[in-house]
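The structure under discussion appears below in the form of structure tokens.
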């Protein structure tokens with residue numbers, strides 16, 4: 001797996017956000033999905049002993065967004081995120097997220113889906129998301145703000161993906 005970079009102040013992936021989740025997302029070996037493992041801490045709880053639904057939604061937003069960014073080479077903004085909760089996630093128990101890009105009917109937006117399972121493989125939640133890729137100029141500047149230390153993906157990956165797509169995206 002290739003670890004993705006983080007945005008230092010991001011609530012989900014930022015190492016410098018003292019109140020955040022500080023998660024690391026990675027691209028699976030097949031290059032077709034983004035994965036993350038996380039055991040929710042008690043201070044991210046809802047009804048004891050369960051994680052708050054907003055934390056589950058944040059996991060999906062980040063993971064589903066990263067697969068779009070990884071595959072397009074463009075930073076993206078969430079347009080829509082639909083989460084379906086199947087069962088509660090227990091505080092302190094490891095969760096496994098998998099996000100994949102899926103075909104989209106739109107030329108201006110990109111879709112992705114996600115699944116979240118617990119340690120036993122039980123389905124916790126699913127998500128469907130729509131993102132709008134931002135323009136190449138903004139994306140290029142955005143990638144300069146990311147922390148690539150310890151990442152298995154380099155900034156050149158995103159540059160190559162943008163170049164292969166003709167630098168398109170939201171323009």
Review point. Which of (1) within 23 Å of residue 131 (Cα to Cα); (2) at pLDDT 95 or above; (3) surrounded by fewer than 16 Cβ atoms within 10 Å (Cβ to Cβ) does residue 107 not meet, given it meets every other one?
Key: (2)
Point to revise | Lone qualifier among 75, 58, 99, 89 - being over 16 Å from the mean Cα position of the chain (by Cα) and buried (at least 18 other Cβ atoms within 10 Å of the Cβ) | key: 89
Review point. Which residue pairs have Cβ atoms under 6 Å apart, sit 6 or more places apart or on different chains, and have a first residue in region 20-36 that is over 19 Å from residue 72 (Cβ atoms) and a second that is surrounded by fewer than 20 Cβ atoms within 10 Å (Cβ to Cβ)?
Key: 20/11; 20/14; 22/15; 24/3
Review point. Within the bounds of region 116-127, is there any residue that is modelled with pLDDT of 95 or more and touching a helix residue (DSSP H, G or I) at 6+ places or on another chain (Cβ under 6 Å)?
Key: yes
Check your understanding: Out of all the residues in region 15-41, which are at positive phi and exposed (fewer than 13 other Cβ atoms within 10 Å of the Cβ)?
Key -> 31
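The values are calculated or read from the model by the stated rules, or taken from the named source; none is laboratory data. Just so it is clear, the structure is predicted and the values come from calculations on it, not from any experiment. Virtual Cβ from ideal backbone geometry, glycine too; neighbours counted across all protein chains shown.
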